[in-house]
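Okay, structure first, notes after.
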Amino acid sequence: MITLLTGKKGSGKTKKLIDLANAAVAQSNGNVVVVEKGLKLTYDISHTARLIDIDAYDVKGGKGLYGFLAGICAGNYDVTDIFVDSTLKITGTGAEVLEPLIEELKHLCEESKANFVLSISAADEDIPASVAEYVAK
């Protein structure tokens, strides 16, 4: 399952992502991974989750992010949930990156059986119509 948490800066996306990640840790029989840009969630996310600062890996663009997430799934067969905070800051692009990224993540989601939650700092009207079905209501 893929879920997009959308909204403008300051709308509560990161708080919701933290709540969802901590709930996933409590329910998961596998590993929960949280990818962030910078070390700002260290004290908010359960210590049971794997917290990754993507800045340490010089990931750029939608393809780079997809490759990074695929590598996480390939390296650990029991990842159940992956949360990505500040997706557009990580890719260094606008919301136009979402369509190809979601297409690739759909396949990865099926293969790995992992759930993906991405926070997107963009207004709902800026989200491509082709990925609107993944936006959390």
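Express as a percent, rounded to the nearest 5, the fraction of DSSP beta bridges in region 2-134 (both residues included) that run antiparallel. Within region 2-134, antiparallel bridges account for around 5 percent of the total. Hey, if you drop one equal point scatterer on each alpha-carbon of region 2-134 and run the Debye formula without solvent, what base-10 log of I(q)/I(0) do you get at q = 0.10, 0.22, 0.23 Å⁻¹? The calculated log intensity ratios at q = 0.10, 0.22, 0.23 Å⁻¹ are -0.28, -1.54, -1.68. The slack in the chain from residue 23 to residue 68, taken as 0.36 nm per residue of separation less the alpha-carbon distance, amounts to 13.8 nm.
Dipole orientation for region 1-128: of the candidates 18, 95, 32, 18 has the Cα lying most toward the positive pole (charges on Cβ; Lys, Arg +1; Asp, Glu -1). Taking 28 Å as the straight-line reach from the Cα of residue 60, the lysines in range (excluding those fewer than 8 positions away in the same chain) are 8, 9, 13, 15, 16, 37, 40, 89, 106, 113.
Mind checking which of 116, 128, 56 is farthest towards the positive end of the chain's charge dipole, using Cβ charges of +1 (Lys, Arg) and -1 (Asp, Glu) about the Cα centre? Checking the options against the dipole of the chain, the answer is 56.
Using the Karplus relation 6.51 cos²θ - 1.76 cosθ + 1.60 with θ = phi - 60°, the per-residue 3J(HN,Hα) values for region 27-41 come to 9, 7, 9, x, 9, 10, 10, 10, 9, 9, 9, x, 9, 10, 9 Hz, with x marking Gly and Pro. Taking chymotrypsin sites (Phe, Trp or Tyr not before Pro) as exposed when DSSP calls them loop and at most 12 other C-beta atoms lie within 10 angstrom, the chain has its longest site-free stretch at 78-137. Measuring nothing but how far apart in sequence close Cα pairs (under 8 Å, 6+ apart) lie, relative to its length, region 1-128 scores a relative contact order of 38 percent.
Put simply, the amide H of residue 117, placed in the peptide plane, has neighbours under 5 Å in 3, 82, 83, 84, leaving out anything fewer than 5 places away on its chain.
Each reported figure results from applying straightforward, stated rules to the coordinates on display, with no laboratory input. Please read these numbers as outputs of a predicted model, since none were measured by experiment. With ideal geometry, Cβ positions are generated from the backbone for all residues, glycine too; neighbour counts draw on all protein chains shown.
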